[in-house]
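Notes follow the structure.
The values are calculated or read from the model by the stated rules, or taken from the named source; none is laboratory data. Here the structure is a predicted model, which means the values were calculated and not measured. Methodologically, a virtual Cβ is constructed for each residue, glycine included, from the backbone with ideal geometry; neighbour enumeration extends over all protein chains shown. These accessible areas exclude ligands, DNA and RNA; they are computed on the full protein's heavy atoms, side chains included. Shrake-Rupley method; radii C 1.70, N 1.55, O 1.52, S 1.80 Å.
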Amino acid sequence: MGGPVKVRIDPEICQGQGRCFSIAPGIFDFDDLGNGVVIGDGTLTSDTLELARLAQSNCPEHAIFIEE
Amino acid sequence: MTDSPLVQDFATDWDHSDPQWVADPYPIWDDLRQRCPVAHTERYGGGWFPATHAGVSEIAKDTDNFTSRTVVIGNGRPTELDLPAPIGVAPPITSDPPFHAIARRLILPAFAPGPINALEPMIRELCSKLLENMGDADVVNAGTQYAQYIPPGVIRGMLGFPEEDIELFLEFVHIILEGIDHPVEERIIEFEPIEKYFVAQMEDHLDNPRDDLTSYLLNVELDGQNLAMEHVFGTMILILVAGIDTTWSAVGSAIWHLAHHPDDLERLVNEPDLMPVAIEEFLRFYAPVTMARLVKHDMEYQGCPMKVDDWILLGFPAANRDPVAFKDADKFIIDRAENRHVAFGLGIHRCAGSNLARLEMRVALEEFIKRYPRFDLAEPEAVTWAPGQIRGPRNLPIRILH
Ligand code: HEM
Ligand code: SF4
């Protein structure tokens, strides 16, 4: 186990239909086009990791990545 | 419906307007997934139907080998009168890259969560008015009295067309939806009065700009220039075509489900917070929209000898029932936590209106079960399903239980 766990959205893959920001509005937001964006630098805590994973498992485009 | 001979074997002769497919396509798709993951037909001039999630997603994302030049299967192919790829007749849905991204960018801001969420009070008022008009009858028709009117009412409001024109607007919507697969020459004539009315509305908006979708489309810039009136008109027609019987079908299917699953209805009545999760499962299980592509060139693909201009029937609803992609795919699980359903498509054409569709579904269902917390199917055998690429109940008599 190294540094912090981080979540990111690959903007090339995201098609912006908002499963992530409706499931986890504290972690994800949307831009003017309705594409998903990560709030802040995407660092997850033990409290938010599970919610981020849930959002990840609902993204039909597989655009959400959680990395250590 | 068609007068074509009934299908004997969907693996070699599929037809999405065959009565068996229209009434209950799910067993057909289950069977195909097991023995023939990409089915073939000679009907409509030849075509292929992948029944698996993997097959559907690969094709949806492959714009090199497949074109969106037409997304509705007919007997003909696009003619010279139709705009060719990459633009097509109704950008962005009929556009291929690179033009697609330009056309899509133009409309996305109007359908992003911010502007769409602001519509919630308007949608709620529309739904509660419809319910009020349905009165205290013992049997109501959730299709023809309710679901059918919500999307056109909402889009009329978004476009900022006068409320008193709603009957006229509904008539136009009817002509547009019926005429979608008519030959271009016919369509031009049928659309004449519609174009006249829309142009008058656009002119009024040019003189008196306001905060609505019509003014947005008239003001939006492409390469520093406003869109031509025809482009704005085309976009409005696309929004009507893409946004109406799709959402109407989704709302209808959900009510149909609740009418014969009293446990699910009771949970939704008692646990309003469950609604957003339930909506995703309604979308997965009863995905209303199947799209089409055309094969761009002769090739061997997913093991099939595809020919240029063969149809692909892109079954998002079938992908949603694939047990490889979903646990207990054939079960409706109202609180399904992991749900990567593809009801809104996949890849670059993913539904631009999905925020609106979800909002309409949520408000429509919330208002319906608030007014009628207990109901069932008045005449299960009387329920009819729309044939073709948009599937949902049309006649939906519901008995209100007191
Ligand atoms: C539950 C309701 C709806 C469903 C299931 C649905 C489904 C879909 C699907 C599957 C596609 C992909 C088309 C393709 O791959 O060729 C699509 C595209 C589209 N939808 Fe929807 N739709 C719904 C409601 C709406 C609404 C309400 C609107 C707008 C008012 C809308 C506007 C569009 C547009 C503009 C596109 C084309 C996007 C593009 O090509 O980039 N849809 N829809
Ligand atoms: S759920 Fe996936 S595709 Fe949708 S906005 Fe979020 S990251 Fe993008």
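Label sites at B:ASP335 and B:GLU171, each approximated as a point 7 angstrom past Cα along Cα to Cβ, lie 5.0 nm apart. Taken over region B:152-265, the percentage of Cα pairs per 10 Å bin, counting from 0 up to the bin with the maximum distance, is 12, 39, 29, 13, 6, 1.
Buried area at the B:A interface is about 1700 square angstrom, summed over both chains, from accessible surfaces computed with a 1.4 angstrom probe.
State the Cα centre-to-centre distance between region B:293-330 and region B:346-402 in whole Å. So the two Cα centres are separated by 26 Å. For chain A, the ratio of Cα radius of gyration to the globular rule of thumb 2.2 N^0.38 Å stands at 1.00.
Simple spin-label estimate for B:ASP136 and B:GLU42 gives 6.2 nm between the two label positions (7 Å along the Cα-to-Cβ direction from each Cα).
At full extension, B:ASN117 and B:MET229 could sit 37.6 nm farther apart than now, given 0.36 nm per residue minus the alpha carbon distance. Going 7 Å from the Cα of B:GLU163 in the Cα-to-Cβ direction, what parts of region B:122-150 have a backbone nitrogen less than 20 Å from that spot? B:122-135, B:146-150, by backbone N distance to the label point.
Computed over chain B with a Gaussian network model linking Cα atoms closer than 10 Å, the most mobile of B:ASP30, B:ASP298, B:ASP322 is B:ASP298. When the Cα convex hull of region B:7-157 is projected onto planes of every orientation, the mean area is 13.0 nm². The contact residues of region A:40-61, meaning those that lose at least 10 Å² of 1.4 Å-probe accessible area when all protein chains sit together rather than their chain alone, are A:LEU54, A:GLN56, A:SER57, A:ASN58, A:PRO60, A:GLU61. Size descriptors for region B:275-402: radius of gyration and Dmax over Cα atoms are 17.8, 61 Å. A Gaussian network model of chain B, with springs between Cα atoms under 10 Å, assigns the largest mean-square fluctuation among B:ARG35, B:ARG391, B:ARG43 to B:ARG35.
Taking one quarter of the surface of the convex hull spanned by the alpha-carbon atoms of the protein assembly as shown gives a direction-averaged projected area of 23.7 nm². Between B:LYS327 and B:ARG77, residue separation times 0.36 nm minus the direct Cα-Cα distance comes to 86.2 nm.
Distance from the Cα centre of region B:123-190 to that of region A:43-65, in angstrom? Between the Cα centres of region B:123-190 and region A:43-65 lies a distance of 39 Å. Taking 37 °C and 0.692 mPa s as the conditions, I'd like the Stokes-Einstein D for chain B in µm²/s, using the Kirkwood hydrodynamic radius from alpha carbon pairs. Answer from the Stokes-Einstein relation: 149 µm²/s. Helical content of chain B, expressed as a calculated mean residue ellipticity at 222 nm, amounts to -14000 deg cm²/dmol (DSSP H runs of 4 or more residues, -39,500 (n - 2.57) each, divided by residue number, nearest 500). With a simple spin-label model that places each label point 7 Å from the Cα along the Cα-to-Cβ direction, the separation between B:ALA200 and B:HIS260 comes to 4.6 nm.
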